[in-house]
Amino acid sequence: MRIKKEKVIFAAVDRKYYRKYAAAWAWSIFQNNMHGHIHVIDPVKKDIKSLHRLKELTLGHIQFSTGDIKSDLPRDRCYFASFRFLYLQHLNDLYQKVLVTDIDSIIRQKVQFPDEDFGFYLREGLKTNDNWFAESSKIAAGIFFVNLNKKNIDRFTYLFNFKLDELQSNNSWRWMVDQNALFFVFKNIEEDKIFKIHRFTKKDFSWDFEKLSNIWTGKGERKHKSPRYLKEFMKYNAGFILVSWRAFLKRIISFD
């Protein structure tokens, strides 16, 4: 029987976002002596090679998987945003605790994983007359935790898939479906009254790049315009590039 690793930070992306943000995400995890798992949905040959290099240069702290799953959902940006939650059931045999993040997140210091069954980041919904955005924005999808046992993952998978299928059937497949489905999961799990729920705070996660937050995530234009985020991103991205070049030069010297 394979021994499950205790804790992992997880992200799932298409190859476009993998190429832009994975190095900084992975290096920030490695530099804080944690473990990560990245899933790339649609890699080509050069991405597979890059993933192996990422695993090697982080001394195995970053693991990876690839490929799509069987699903009738449309393959669009809503699907890619939801994929990390759809894939969680496939991690059940590998890890005990999983913290789901955005790929453009920076792990700024070692994260304490909750002891509860689930962890959500609840927030005040957007003040808008559009009920879709008002409801969907009541939860942040950039951080989510699950203690991976069969009861937890089965309940989560059923609820999340049920809601996505319902949204598609009702012609409500639009941006923020992942948050809408995640908030549906939260409400139902809370009503079940058999699961313990952890509530994340700004100390754990921030899209405004607060100094005391453990994790920064780059939302929208902020990741292109915020000097604070860009400085942190470049620090880890440059760190990975430097190590990559050192490894490349070492291979050349050894070859000679």
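Nothing in this text is a laboratory measurement; each read-out follows from the coordinates by a stated rule. Small disclaimer: the values here were computed from a predicted structure and weren't measured. Here Cβ is always computed from backbone atoms with ideal geometry, including for glycine, and neighbour counts include all displayed protein chains.
By how many nm would the segment from residue 252 to residue 59 grow when fully extended, if each residue of separation counts as 0.36 nm and the alpha-carbon distance is taken off?
67.5 nm
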Other-chain or far-sequence residues with amide H under 5 Å of residue 105's (modelled H): 218
Under 14 Å, Cβ to Cβ, from residue 168 - net charge with Lys/Arg +1 and Asp/Glu -1: -2
Could you compute the net charge surrounding residue 199? Neighbours are other residues with a C-beta less than 14 Å from the C-beta of residue 199; K and R count +1, D and E count -1. 0
Of the DSSP beta bridges with both residues in the chain, give the percent that are antiparallel, rounding to the nearest 5. 40
Assign one of three labels to segment 42-100, namely rounded, prolate or oblate, based on the Cα gyration tensor with a ≥ b ≥ c the square roots of its eigenvalues; rounded applies when a/c is under 1.5, prolate when it is not and a/b is larger than b/c, and oblate otherwise. oblate
Please give the charge dipole size of the chain, origin at the Cα centre, charges +1 on K and R Cβ atoms and -1 on D and E Cβ atoms. Round to the nearest 20 debye. 1040
The set of residues whose placed amide H lies less than 5 Å from the amide H of residue 92, leaving out same-chain residues fewer than 5 positions away, is none
Would you work out the charge dipole size for segment 194-256 about its Cα centre, treating the Cβ of every Lys and Arg as +1 and the Cβ of every Asp and Glu as -1, and quote it to the nearest 20 debye? 180
Lys/Arg +1, Asp/Glu -1 at C-beta; the chain dipole; positive extreme among 186, 91, 233: 233
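With a ≥ b ≥ c the root eigenvalues of the C-alpha gyration tensor of the chain, is it rounded (a/c under 1.5), prolate (a/b larger than b/c) or oblate?
Numbers: a/c = 1.64, a/b = 1.50, b/c = 1.09.
Verdict is prolate for the chain.
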Listed by chain and number, the residues whose amide H is under 5 Å from that of residue 173, excluding neighbours fewer than 5 places away on the same chain and using placed H, are none
For segment 26-34, 3J(HN,Hα) per residue [Karplus equation, 6.51 cos²θ - 1.76 cosθ + 1.60, θ = phi - 60°, Hz, x = Gly/Pro]: 5, 5, 5, 5, 4, 5, 9, 6, 10
Give me a comma-separated list of calculated 3J(HN,Hα) values for segment 98-113, in order, Karplus coefficients 6.51, -1.76, 1.60 applied at θ = phi - 60°, integers in Hz, x for any Gly or Pro. 10, 10, 8, 9, 6, 6, 8, 7, 10, 8, 8, 7, 4, 9, 8, 7
How would you rank 207, 173, 25, 245, going from fewest to most other Cβ atoms within 10 Å of each one's own Cβ? 245, 173, 207, 25
